[in-house]
Each structure stands twice: as C-alpha cells, then as structure tokens.
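To start, the structure under review is shown below, and the notes come after it.
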Amino acid sequence: MMGPKQVAQRALFYEFNIEDHVPADHLLRSIDRFVELGDMREHLAPFYSSTGRPSVDPELMIRMLIVGYAFGIRSERRLCEEVHLNLAYRWFCRLDLTDAVPDHSTFSKNRHGRFRDSNLFRHLFEQVLARCIAEGLVGGESFGADASLIKADASRYTKVDFSGWSAADAANRATQEYLDTLDDAAFGAATPVKPKAISPADPAARLTGANGDRPFFAYSTNYLVDL
C-alpha cells in the first residue's frame, strides 16, 4: 500500500541532540580526540581588549578552519555556509542548532590581525607536532623530500626584465605587504640567485621550462615527510 504523502509540519517543541546524528566512524570524531586548544585563550589574551563587545570565540574559528582543511573547503565564505548546514561540522565546532556561524570576514580580520601578531598558527603547529611525537607518529630519523611544479596564474607573454621592474609608488598596503614578504627567507629571498625575468602580475612566480615544452611561470612546492 502506498504510504501517505509527507508534509512538513512545524512542531512546537523538538527533542534533538546533534551528538546522536554524527556517525561513530565520521572523520571528525577521529580528529576531535586529538584537538586540544585549551591554552589558546591564554596565548591570545594579551591581544584582546579588556573592554568592548565580546569577540567571536577563537577556538570556534580554529575548529572551523580545521574542517576546511580536512574536507578541502578552500573558500571561507563557503566554509561558513557548510558549517551552517552540516550537523557533523556543527558538532565538531561545538555549535548548537540555534548558534550563529561567524561571518566569513571574521577570518581575514583575525588572520591579518591578532592571529598574525600573536604567531598563533605557528604555536598551534608546534603543539600538533609535539603531540605527533608523543603519539609515536613522528620519529625524526628518516625523511623523504619531494618537489612539484604548480603553474602560476601569470602569462609568459607579460614577462619583464627583473632588473628593470619595480613596484608602483602608489601601491596599496596589501600589495606592499605582499612584496615585502617576497624578501623573507621563506619566499623569494631563500636563494641569492636573481631571476632574469618575472611576471608583474605575480612577482613570486618563476619562469621555468622544466616540462620540456614552452616556458611558463610556476611555483615549486616542496614536501618533507617523516618516514
């Protein structure tokens, strides 16, 4: 016999527990067992004002970023939408059904503000690394290194001689900060070799003909893996 047509009806009261709707074998349950952010508030305390409106919980933002990294959500705008809709994401971020999800602009504000000023991401990375060492996942005795080329979003037809290129005097703050970063040892200044040509659209990219075809602007991403 055909069942009755389902019609959504608003109930006055609901009994709902997000915990019951997250599968036991869900990836976030495995990750959650190892996420310890207890001392993060103490680390960030000097970078918050003692007055004013309460800020967005920094642990919530870090948990949301972990969700983005774990599930390949590269857009923070989309990340906020996914956390709003997905029960497992809400459970991992300690959000109830009625709790609001932070606006996507909150991430960039904190990333370029107190997160960078406090060196929070390095602090968290070192904590994770220490935990991996304690769990026996990192030995520190044998390593493997590999590099891959990532094509840059820059045309080889727009290249200019490095010696004759300079940033415009009217460059905005964000552009100037980016160019200053290229002088850091972790970026362009990692080698004393100066390129012959660069792309004005992406000065960090380098022209290469490593694939045996026509040269193109690219990045070299290097991975160091503990074996």
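How many residues, within the stretch 26-66, are closer than 18 Å to SER105 by Cβ and β-branched (Val, Ile, Thr)?
2
Among the numbered conditions (1) assigned to a helix (DSSP H, G or I); (2) open to solvent by less than 60 Å² (accessible area, probe 1.4 Å); (3) out of contact with any His (no Cβ under 7 Å at 6 or more places or on another chain), tell me where CYS80 comes up short.
Status for CYS80: all satisfied but (3).
Any idea which residue in the stretch 107-162 is surrounded by the most Cβ atoms within 10 Å (Cβ to Cβ), counting only those that are in contact (Cβ under 8 Å) with a residue 24 or more places away in the chain and among the polar types (S, T, N, Q)?
Among them, the one singled out is ASN110.
What residue, among those in the stretch 6-35 that are part of a loop (DSSP other than H, G, I, E, B), more than 21 Å from HIS84 (Cβ to Cβ) and at pLDDT 85 or above, is nearest to the chain's Cα centre (by Cα)?
Filtering the stretch 6-35 for residues that are part of a loop (DSSP other than H, G, I, E, B), more than 21 Å from HIS84 (Cβ to Cβ) and at pLDDT 85 or above, the one nearest to the chain's Cα centre (by Cα) comes out as ARG33.
Does the stretch 105-128 contain any residue that is basic (Lys, Arg), in contact with a Gly (Cβ under 9 Å, 6 or more places away or on another chain) and either more than 22 Å from THR221 (Cβ to Cβ) or modelled with pLDDT under 90 (or both)?
no
In the stretch 104-141, how many residues are under 21 Å from LEU79 (Cα atoms) and part of a loop (DSSP other than H, G, I, E, B)?
Residues in the stretch 104-141 being under 21 Å from LEU79 (Cα atoms) and part of a loop (DSSP other than H, G, I, E, B): 3 in total.
Yes or no: the stretch 88-97 includes at least one residue that is at pLDDT 90 or above, more than 28 Å from THR175 (Cβ to Cβ), in a helix (DSSP H, G or I) and in contact with a Phe, Trp or Tyr (Cβ under 9 Å, 6 or more places away or on another chain).
Scanning the stretch 88-97, I find at least one residue that is at pLDDT 90 or above, more than 28 Å from THR175 (Cβ to Cβ), in a helix (DSSP H, G or I) and in contact with a Phe, Trp or Tyr (Cβ under 9 Å, 6 or more places away or on another chain), so the answer is yes.
When you go through (1) surrounded by fewer than 18 Cβ atoms within 10 Å (Cβ to Cβ); (2) under 28 Å from ARG131 (Cβ atoms); (3) not hydrophobic (A, V, I, L, M, F, W, C) one by one for PRO58, which number turns out not to apply?
Going through the list (1) surrounded by fewer than 18 Cβ atoms within 10 Å (Cβ to Cβ); (2) under 28 Å from ARG131 (Cβ atoms); (3) not hydrophobic (A, V, I, L, M, F, W, C), PRO58 breaks only (1).
If I ask for residues that are open to solvent by 60 Å² or more (accessible area, probe 1.4 Å) and in contact with a helix residue (DSSP H, G or I) (Cβ under 8 Å, 6 or more places away or on another chain), which ones from the stretch 202-223 would you list? Give the steps one after another, and end with the answer.
Keep residues of the stretch 202-223 that are open to solvent by 60 Å² or more (accessible area, probe 1.4 Å), which gives 206-207, 210-214, 219-220, 222-223.
Hits for the stretch 202-223 are LEU207, ARG214.
The values are calculated or read from the model by the stated rules, or taken from the named source; none is laboratory data. All values reported here derive from a predicted model rather than from experimental measurement. Glycine gets a Cβ as well: all are built from the backbone with ideal geometry, and neighbour counts include every protein chain shown. The accessibility values were calculated without ligands, DNA or RNA, using every heavy atom of the protein model including side chains. Shrake-Rupley method; radii C 1.70, N 1.55, O 1.52, S 1.80 Å.
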